[in-house]
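Written out below as structure tokens is the structure these notes cover.
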Amino acid sequence: MGTKRSWEGQTVVNMSASESTNPTLAIFGNFRDELDEHHDRRERIIKASRDITALSKKIIFALQRVRAIKQPIPQNIIKENDARVEQIYKHFASVTADLVGIKSWRYQRQISGGIQEFIEAISFDHYLRTETLITHAEVVERLPGILVTEEDYLMGIFDLTGEMMRFAVTALSSGKVTPTDAAKAGVLVDLRAIRARCEALSVSGRHRASMYKDLAKKKEVMQNSVEKVERAAYGILVRGSERPSGWTPDLSGPAMEVETH
Amino acid sequence: MIDQRIFEDLQAKIDEETTVRDELHEIVQTLARKGRSTQAILSRAHSTPADQLEQPVKPVLDDAAVEILAQKHEVLRLKAVADQHPFYKYNGLWTRELQNLVTSIELCAWLGGLQEYKSSDSGSFLTIEEVGKFLEVPVNLKEQDAFHLTIEEYLLALISVVEELSRLAVNSVTLGDYERPLQIGNFIKDLFAGFQLLNLKNDILRKRSDGIKYSVKKVEDVVYDLSLRGLVPKGSAAA
């Protein structure tokens, strides 16, 4: 038989024997197991979060094909999105055991990205159907066993305004909504209301360490979004008859997206 | 239509959290202030010969122990408040100060203080369980959501101990003590071997523990200088 060798041909030292004789090594061997468990769990959660983010983005893309608010969403879009939501729930289910009790806050940062993107998707869906904002309580209900913080909710709503912006601009440029109607009711009015409410939120400097630190950046992006719709409405009103058919306003501009983590 | 109650509820939640953070912050500030006095006292070890540290009246170590006990009192105050909230939600507020305190405790114990809290069969440092017992706080809680000392915090504190002792090795020689660098060398090599067992990811623990080898080298250089000149005491640990 001979001695056990590694693939490099070196003799494998029996670690457990030396660990048990040296108290320090025994202690650290124990720490190693604990830390390995922690890192494995952390990676599982990050992976699930990424998959949830990717699926949520696809839901949002599909929803951008919807053309009218406060009306039933076309069957084909519902069908493809239902399948995605089902997959998302599977990803959440795969990590609920890793996010139970004390672990919910421990790994909050790791799952938060997925949760925020999912909130963006379901709040957009909810908005298109009902022209109202989904509430935090309603989001919590959709995610049993998962910690949904107020920060996650607020960041999801900020991202929602970007989607509302795209939706409103498309509606304006397709001629389905006239600029004067847009100013009276609908997406632009709602966007302005969200903007005003978010600007009124006051967060003390004590929250610097938490996710609220992204607040200023997110706020700026949201303000830009509202202005883009306003500019689009103006442009179509003033130069409406001059534009070629199929023209869409320029959506490119500074700070369209903020990295979420 | 946007329901404005949504944002009123959010504001209420944010304000509630601000109150909690303020309350915790005040305690952590006190803990930090007392921690600075502890560290100031312990730094006198660099200019105090070992035989004076170990006299029946141990001015440095006894003074340090008094400050450490005062800090322990603040930790218990912190625990009482923190236990009312999810542990990892606010852990970042105090983790640094708790690490510093554990470093002070370990240093004081290594220098010969706090003997009554050390179990006889453990090595020259307090285990995480012993630190927890001394501070009267739980350690490494995995299920129960309550205040505790985490493994990461404990390990980061040990790394600071290694750094501090490597400095002490140099200063001991200046004080004419050729024995202590050898003890320090053996001790930190033991810990170094321990840290090498860990599979570290790209995190703070990895970054900090990468520095241990430089501390080890620093002490080994001192020991080398001493042995080259025949200054290593006979019958000492490394001879």
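Can you work out the PRE-style zone for residue A:97? Point 7 Å along Cα to Cβ, and I want the residues of the stretch A:27-46 with backbone N under 17 Å.
So the set is A:37-46.
What nm value, rounded to one decimal, do you get for the distance between residue B:36 and residue B:18 when each label is placed 7 Å out toward the C-beta?
My value for the distance between the label points is 2.7 nm.
Would you work out which of A:207, B:103, A:91 lies farthest towards the positive end of the dipole of the protein assembly as shown, given +1 charges on the beta-carbon of Lys and Arg and -1 on that of Asp and Glu, about the Cα centre?
Result: A:91, furthest along the dipole toward the positive end.
Dipole magnitude of the protein assembly as shown about its Cα centre, charges +1 at Lys/Arg Cβ and -1 at Asp/Glu Cβ only, in debye to the nearest 20? Don't skip to the end; give the middle numbers.
On the way: 65 positive and 72 negative charges, 297 e Å.
Dipole about the Cα centre, nearest 20: 1420 debye.
Relative contact order for the stretch A:37-157: what is it in percent, counting Cα pairs under 8 Å that are at least 6 residues apart?
Values: 126 pairs, mean separation 44.2, N = 121.
It comes to 37 percent, rounded to a whole number.
Between beta-carbons, use under 12 Å as the cut-off and find the net charge around residue B:53, counting Lys and Arg +1, Asp and Glu -1.
Working: positive: B:44, B:58, B:180; negative: B:51, B:54, B:62, B:63, B:177.
Spelling it out: positives minus negatives among the neighbours equals -2.
Taking the Cβ-Cβ separation of residue B:8 and residue B:203 as r and a Förster radius of 45 Å, what is the calculated FRET efficiency to the nearest 0.05? List each step's numbers first, then the result.
Values: r = 39 Å, r/R0 = 0.86.
Calculated transfer efficiency: 0.70.
Run the paramagnetic zone check for residue B:73: 7 angstrom along Cα to Cβ, then residues of the stretch B:13-29 with backbone nitrogen under 16 Å.
In the stretch B:13-29, the label zone of residue B:73 (backbone N under 16 Å from the point 7 Å along Cα→Cβ) covers B:27-29.
Let me check I've understood the local charge: for residue A:40, count other residues with C-beta under 13 angstrom from its C-beta, Lys and Arg +1, Asp and Glu -1. What total comes out? Walk me through the numbers before you get to the answer.
On the way: positive: A:32, A:41, A:42, A:44, A:47, A:103, B:201; negative: A:33, A:34, A:36, A:37, A:43, A:98.
Once positives and negatives cancel, what remains is +1.
Could you tally the net charge around residue A:107, taking each other residue with its Cβ under 11 Å from the Cβ of residue A:107, Lys/Arg +1 and Asp/Glu -1? Walk me through the intermediate numbers first.
Working: positive: A:41, A:42, A:44, A:103, A:106, A:109; negative: A:43, A:98.
Summing Lys/Arg as +1 and Asp/Glu as -1 gives +4.
Since every read-out is calculated from the coordinates, none of them should be taken as a lab result. Quick caveat: nothing in here was measured; it's all calculated off a predicted structure. We place every Cβ from the backbone using ideal geometry, glycine too, and count neighbours over all the protein chains shown.
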